[in-house]
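J.: Below you'll find the structure I mean.
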Amino acid sequence: MTRPTLTTTAGNPIADNQNSLTAGPHGPVLMQDYQLLEKLAHQNRERIPERVVHAKGWGAHGTLTITGDISKYTKAKALQPGAQTPMIARFSTVAGELGAADAERDVRGFALKFYTPEGNWDLVGNNTPVFFVRDAYKFPDFIHTQKRHPKTNLRSPTAMWDFWSLSPESLHQVTILFSDRGLPVGVRNMNGYGSHTYSFINEAGERFWVKFHFKTLQGHKHWTNGEATEVVGRTRESTQEDLFTAIERGEFPKWKVQVQVMPELDAEKTSYNPFDLTKVWPHGEYPPIDIGVMELNRNPENYFNEIEQAAFSPSNIVPGISFSPDKMLQARIFSYADAHRYRLGTHYEHLPVNAAKCPVHHYHKDGAMRFFPQMTGNTDAYYEPNSFNGAAEDAKYAEPPLKISGDAERYSHRIGNDDFSQPRALFELFDAGQRQRLFSNLAAAMYGIPQEIADRQIALFTKVHPEYGAGVKAALEHETRTKAAETAQQQKNPAGPVAAE
Ligand code: NDP
Ligand code: HEM
């Protein structure tokens, strides 16, 4: 087999890729050795900023196949019976950096990009149906508590529990995070949720509220804290290995896709705010409707190109799917594209993984990565409106008006919100074993934090359910006694196993 000739980035053939150009066999190196300079300069530019959250991730390509008929709720072409839409998924942990171990207790990101005939539809969810906060104003502070302390450069349980114990709206998500499902063995064995409430809009221009669910067809599997410690000791890449090798073997992971649909005016009647991201819609009230299957069936050829450079954004909607008044969603509509312009560059949506697979026309002009031709439909049309047949708006895509009212004010998101009933409903689903593991997972995470913060958090658990509070209190006392005994043992034998040698 003949090999292609190695070249510089400008295409000049390279005769020697092993030895730099030097004056005499021992150097120094000549400045004209452009091949060496190019190689070193490229190495210096191989890293881009990691995502500010969800830095560690794993992903694959796949297909969304619609089998159910929800055409009375949405006109989205990708959701019509029989539609098959190519897509890409990126899963992630939230807090860890790019090199973090996979088997950590953390929420998993569940980001999907569907390349529909009407543009890209991104659903940027998690493996949990709810979130820790309900107002985006709290999000950067919350994330600071999950990341490293500025002085110790260590993650700080005190910061985490200080924030959570002062934010009762976090109880629902905290209960899920420290339950069995908070540490899945890999992404194949977990559900995904769009989490927010979105709009469906049908051909008649009627709006419905909708939530998206992706139920694993591989079954739920999770690790205990002890098992995860052993896994991380063995491999830090357990999820990458699991997803990549399953797809290589032809075992394509699948998720059943479901929606819950709420008539627009029901939003005024529910006992909870249906746009509150700390709440689910009980299945008994809004039963999930099966609409199809999502399958992942192709590994990326190049991880950096297709997964690291993937840019998912809740702002990417298509006709028939739209936003809701959820305050968190509204902020995310801004935040992601802003992050991508910083992390990837101005024209990131023209990178192959992000490019829509339908005609795209816009008048954005120059800037970093302007490597694509004019997208306006005519070279003389570089502004709008114009007389040169450039792309123009089409009123048929207008959404029905969204009914809103109210005076502008910084309304407290804590007043009139029940933060306890839904975590209670979840706690009541757990059997005795699940409850015990919940208590000990919480105790392990809370160990060592100041007593007043622990007391404040336990008081919140007690308001969810007296057994919840009592269980965590007992587990924390047990953890404290065990750790004290270990410390006493170490003080008696400070050198530990080494002394025995
Ligand atoms: P249902 O009994 O109808 O639904 C219970 C849901 O809980 C199922 O979707 C099930 O997921 C999920 N579940 C079971 N065990 C766990 C766990 N350890 N961690 C997270 N989720 C779990 O009850 P309701 O709809 O009335 O909801 C009751 C509670 O269930 C809620 O307060 C919420 O905490 C939780 N839940 C509800 C969801 C919803 O959309 N209504 C979605 C997910 C959780 P699966 O089907 O995969 O087994
Ligand atoms: C990633 C902001 C809440 C899911 C990110 C990123 C930012 C961000 C800036 C990095 C994007 C990038 O560089 O590509 C926010 C803000 C939030 C919020 C401001 C609250 C207002 C949420 C919620 C969810 C979520 C509620 C899930 C329901 C994700 C996921 C990713 C991510 C899955 C990773 C996407 C990927 O794989 O590229 N978020 N986020 N975020 N966020 Fe959020």
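J.: For region 124-142, indicate whether the set of residues that are more than 30 Å from ILE453 (Cα to Cα) and more than 16 Å from ligand 1 (Cβ to nearest atom) is non-empty.
T.: yes
J.: Return the pairs, sorted by first residue and then second, in which the second residue is near ligand 2 (Cβ under 9 Å from one of its atoms), the first residue lies in region 125-141 and is charged (D, E, K, R), the beta carbons are less than 8 Å apart, and the residues are 6+ apart or on different chains.
T.: Hits for this filter: ARG134/LEU277; ARG134/LYS327; ARG134/MET328; ASP135/LYS327; ASP135/MET328.
J.: Just for region 277-317: of the residues that are polar (S, T, N, Q) and within 13 Å of ligand 2 (Cβ to nearest atom), which one is farthest from GLU118 (Cα to Cα)?
T.: THR278
J.: Let me ask you something else. Which of (1) loosely packed, with under 13 Cβ neighbours inside 10 Å; (2) more than 23 Å from ARG105 (Cβ to Cβ) does ASP418 not meet, given it meets every other one?
T.: With (1) loosely packed, with under 13 Cβ neighbours inside 10 Å; (2) more than 23 Å from ARG105 (Cβ to Cβ) applied to ASP418, the lone miss is (1).
J.: Just one of GLU118, GLU97, GLU38 is among the charged types (D, E, K, R) and either within 16 Å of ligand 2 (Cβ to nearest atom) or loosely packed, with under 13 Cβ neighbours inside 10 Å (or both); which is it?
T.: Going through GLU118, GLU97, GLU38 in turn, just one is among the charged types (D, E, K, R) and either within 16 Å of ligand 2 (Cβ to nearest atom) or loosely packed, with under 13 Cβ neighbours inside 10 Å (or both): GLU97.
J.: If PRO423 passes every condition in (1) assigned to a helix (DSSP H, G or I); (2) more than 30 Å from THR229 (Cβ to Cβ); (3) in contact (Cβ under 8 Å) with a residue 60 or more places away in the chain but one, which one does it miss?
T.: Answer for PRO423: the failing condition is (2).
J.: Of all residues being within 24 Å of ARG341 (Cβ to Cβ) and acidic (Asp, Glu) in region 33-59, which is farthest from ligand 1 (Cβ to nearest atom)? Just the residue, please.
T.: GLU46
J.: Which condition number does ASN202 fail, the rest of (1) more than 11 Å from ligand 1 (Cβ to nearest atom); (2) crowded, with 19+ Cβ neighbours inside 10 Å; (3) more than 15 Å from the chain's Cα centre (by Cα) being met?
T.: (2)
J.: Further question on the same structure: Please go through (1) in contact (Cβ under 8 Å) with a residue 12 or more places away in the chain; (2) part of a loop (DSSP other than H, G, I, E, B); (3) not β-branched (Val, Ile, Thr) for ALA445 and return the number of the only condition it doesn't satisfy.
T.: (2)
J.: Are any of the residues in region 364-377 at pLDDT 95 or above and at positive phi?
T.: No, region 364-377 has no match at all.
J.: Please tell me if GLN457 is in contact (Cβ under 8 Å) with a residue 60 or more places away in the chain, more than 23 Å from PRO282 (Cα to Cα) and in a helix (DSSP H, G or I).
T.: So GLN457 passes the test.
J.: Restricting to region 104-126, and then to whatever is of a type in the set (D, E, K, R) and assigned to a strand (DSSP E or B), can you tell me which residue is farthest from GLU295 (Cα to Cα)?
T.: In this case the residue turns out to be ARG108.
J.: Out of LYS365, LYS403, I need the residue that is charged (D, E, K, R), assigned to a loop (DSSP other than H, G, I, E, B) and farther than 26 Å from TRP209 by Cβ. Which one?
T.: Residue meeting the stated conditions: LYS365.
J.: So, one more: Mind listing just one residue for me: the one in region 208-263 that is among the hydroxyl-bearing types (Ser, Thr, Tyr) and loosely packed, with under 15 Cβ neighbours inside 10 Å and, of those, nearest to SER440 (Cα to Cα)?
T.: Step by step, filter region 208-263, then rank; the result is THR224.
J.: Report whether or not ASP338 is surrounded by fewer than 21 Cβ atoms within 10 Å (Cβ to Cβ) and within 16 Å of ligand 1 (Cβ to nearest atom).
T.: Considered against the rule, which asks whether it is surrounded by fewer than 21 Cβ atoms within 10 Å (Cβ to Cβ) and within 16 Å of ligand 1 (Cβ to nearest atom), ASP338 comes out as no.
J.: With the condition kept exactly as written, say whether any residue in region 50-59 is within 13 Å of ligand 2 (Cβ to nearest atom) and farther than 21 Å from SER195 by Cα.
T.: Yes: region 50-59 contains one or more residues that are within 13 Å of ligand 2 (Cβ to nearest atom) and farther than 21 Å from SER195 by Cα.
J.: Name the residues in region 264-289 that are within 12 Å of ligand 1 (Cβ to nearest atom) and either among the basic types (Lys, Arg) or crowded, with 19+ Cβ neighbours inside 10 Å (or both), would you?
T.: PRO274, THR278, LYS279, VAL280, TRP281, TYR286
J.: Taking the stated definitions as given, is ALA101 at pLDDT 95 or above and part of a helix (DSSP H, G or I)?
T.: no
J.: Among all residue pairs at least 6 apart or on different chains, which show Cβ distances below 9 Å where the first residue, located in region 323-335, is more than 9 Å from ligand 2 (Cβ to nearest atom) and the second is among the small types (Gly, Ala, Ser)?
T.: That search, which allows pairs on different chains as well, returns PHE323/SER199; PHE323/SER315; SER324/SER199; SER324/ALA267; PRO325/ALA267; ILE333/SER313; ILE333/SER315.
The values are calculated or read from the model by the stated rules, or taken from the named source; none is laboratory data. Model, not experiment: these values are computed from the prediction. Every residue, glycine as well, gets a Cβ built from its backbone with ideal geometry; the counts of neighbours run over all protein chains shown.
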